[in-house]
1. Throw me the Rg/Rh for the chain, computed over C-alpha atoms with Kirkwood Rh, two decimals.
2. Taking θ = phi - 60°, what integer Hz values does the Karplus form 6.51 cos²θ - 1.76 cosθ + 1.60 yield along the range 7-13, in sequence order, with x for Gly and Pro?
3. Can you give me the long-range amide H partners of residue 75? Hydrogens built in the peptide plane at 1.01 Å from N, cutoff under 5 Å, separation of 5 or more residues or another chain.
4. For the range 50-90, just say rounded, prolate or oblate: build the C-alpha gyration tensor, square-root its eigenvalues into a ≥ b ≥ c, call rounded for a/c under 1.5, and beyond that prolate if a/b exceeds b/c, oblate if not.
5. Which FRET efficiency value, to the nearest 0.05, do you get for residue 86 and residue 10 by plugging their Cβ-Cβ distance into 1/(1 + (r/R0)^6) with R0 = 25 Å?
6. Residue by residue, what Karplus-based ³J(HN,Hα) values in Hz, rounded to whole numbers, does the range 84-99 have, using 6.51, -1.76 and 1.60 with θ = phi - 60° and x for Gly and Pro?
7. With +1 on each Lys and Arg Cβ and -1 on each Asp and Glu Cβ, and nothing else charged, work out how big the dipole of the chain is about its Cα centre, in Debye to the nearest 20.
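Every number in this text was worked out from the coordinates using simple rules, so none of it is lab data. Since we're looking at a predicted model, the values are computed, not measured. Reconstructed Cβ throughout: ideal geometry from the backbone, glycine too, with neighbour counts over all protein chains shown.
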Amino acid sequence: MRLTDQQCQIIHRIIDQELGGGARVSLFGSRLDDQARGGDIDLLVEVDEPIERPAQLAARLSVRVMRAMRGRKVDILLSAPNLQNLPIHDIAREQGVRL
């Protein structure tokens with residue numbers, strides 16, 4: 001996994017500030033490959049409560065984490081009871097690593 005402990009802590013802090021302590025965060029995608037270089041940060045954020053305005057929340061989380069990671073592109077995939085589950089959600093859950 002190509003995130004430092006400090007980066008993981010920053011991500012958790014931002015997610016907790018936005019969603020509270022019940023959110024679960026997993027890293028998936030190219031950042032799991034220790035041999036690769038570059039790549040964006042793909043995060044699956046799962047919550048047990050419905051999310052109002054999911055597009056706005058995903059954008060806000062992405063920008064906040066991106067700024068904290070010095071401009072590294074961040075993709076946020078949200079999972080909540082009121083949101084549609086897509087094949088990408090299944091891939092993220094199967095291949096992802098909980099932070």
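1. 0.93
2. Listing the rounded values in order: 4, 4, 5, 4, 4, 4, 4 Hz.
3. Under 5 Å from the amide H of residue 75: 41, 42, 43.
4. Numbers: a/c = 3.82, a/b = 1.76, b/c = 2.17.
Here the range 50-90 falls in the oblate category.
5. Numbers: r = 27 Å, r/R0 = 1.09.
It comes out at approximately 0.40.
6. 5, 8, 10, x, 5, 5, 5, 4, 4, 5, 6, 9, x, 10, 5, 8
7. Dipole size: approximately 500 debye.
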